[in-house]
Amino acid sequence: MKKYLLLLSAVTISACSTMHSSDPDSLYFQIPAGSTLSLNQKLTIPGNDTHAVVQQGKEIKDRDKNEYAINCRVDVKEFGVRTLEPEDFKVTRTEDGQNWISHPSIMRFYTEVYLSSSRGTDIIKMVCQEYGSQNDRNFTVAEMQQALGDILTFKFATEK
């Protein structure tokens, strides 16, 4: 009887543990805190926005993005035309999620990557998103990196 309870307890506890992977191609991969997101070329913040948009490895205007393909928005605190210079940003945390855009047909899948700058750049986060149906899934970090191209690249911290 004790062995049965011990086995039942072990199965119950293991069912509560989260799935995890060290492979960016996996849906279970989480960008480790302390990773680096490198801006490898200049990004322009338009005058009436607080963000720049990247899709298919190119900087694009907000109005030109395809919502049904992964697009990433780099958010800053202040309005005003300016250029973000190449810099390495520290990843402080990430959040994945989904929400309805038009129930029950259009769902938004997203990953928010919160960032900090050692140079004082007023960057807040990068939000990558894509619309799909309720039968779709969130994208992987590798798919997100493909959408960013060479403009922004990740260097993942090793987990301890």
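The values are calculated or read from the model by the stated rules, or taken from the named source; none is laboratory data. What you see is a predicted model; the values in this text were computed from it and never measured. Don't worry about glycine lacking a Cβ; one is built from the backbone with ideal geometry, like all the others, and counts go over all protein chains shown.
Which one of the conditions (1) surrounded by 12 or more Cβ atoms within 10 Å (Cβ to Cβ); (2) under 15 Å from F139 (Cβ atoms) does G97 fail to meet, given that it meets all the rest?
(1)
Is one or more of the residues making up region 77-95 among the hydrophobic types (A, V, I, L, M, F, W, C), over 13 Å from S38 (Cβ atoms), touching a strand residue (DSSP E or B) at 6+ places or on another chain (Cβ under 6 Å) and not in a helix (DSSP H, G or I)?
Checking region 77-95: not a single residue is among the hydrophobic types (A, V, I, L, M, F, W, C), over 13 Å from S38 (Cβ atoms), touching a strand residue (DSSP E or B) at 6+ places or on another chain (Cβ under 6 Å) and not in a helix (DSSP H, G or I).
Are there any pairs with C-beta distances below 8 angstrom linking a residue in region 130-157 that is among the hydroxyl-bearing types (S, T, Y) to a residue that is part of a helix (DSSP H, G or I), with the two at least 6 apart or on different chains, and if so which?
T153/Q145
Would you check which residues across region 103-117 are modelled with pLDDT under 95 and either small (G, A, S) or part of a strand (DSSP E or B) (or both) and list them?
If the condition is that a residue be modelled with pLDDT under 95 and either small (G, A, S) or part of a strand (DSSP E or B) (or both), then S105 is the only one that fits.
Looking at region 26-66 only, could you name the residues that are assigned to a loop (DSSP other than H, G, I, E, B) and in contact with a Lys or Arg (Cβ under 8 Å, 6 or more places away or on another chain)?
L27, A33, G34, S35, P46, T50
Could you grab me the full set of residues in region 119-143 that are touching a strand residue (DSSP E or B) at 6+ places or on another chain (Cβ under 7 Å), small (G, A, S) and outside any strand (DSSP E or B)?
Answer for region 119-143, where residues must be touching a strand residue (DSSP E or B) at 6+ places or on another chain (Cβ under 7 Å), small (G, A, S) and outside any strand (DSSP E or B): just S133.
Please tell me if M126 is within 24 Å of F29 (Cβ to Cβ), surrounded by 11 or more Cβ atoms within 10 Å (Cβ to Cβ) and under 11 Å from the mean Cα position of the chain (by Cα).
So M126 passes the test.
T92 passes all but one of (1) of a type in the set (V, I, T); (2) touching a Leu at 6+ places or on another chain (Cβ under 8 Å); (3) surrounded by fewer than 17 Cβ atoms within 10 Å (Cβ to Cβ); (4) farther than 21 Å from F109 by Cα; which number fails?
(4)
Please determine, by comparing only the residues of region 129-160 that are in contact with a Pro (Cβ under 9 Å, 6 or more places away or on another chain) and closer than 23 Å to V76 by Cα, which one is surrounded by the most Cβ atoms within 10 Å (Cβ to Cβ).
Out of the qualifying residues, it is V141.
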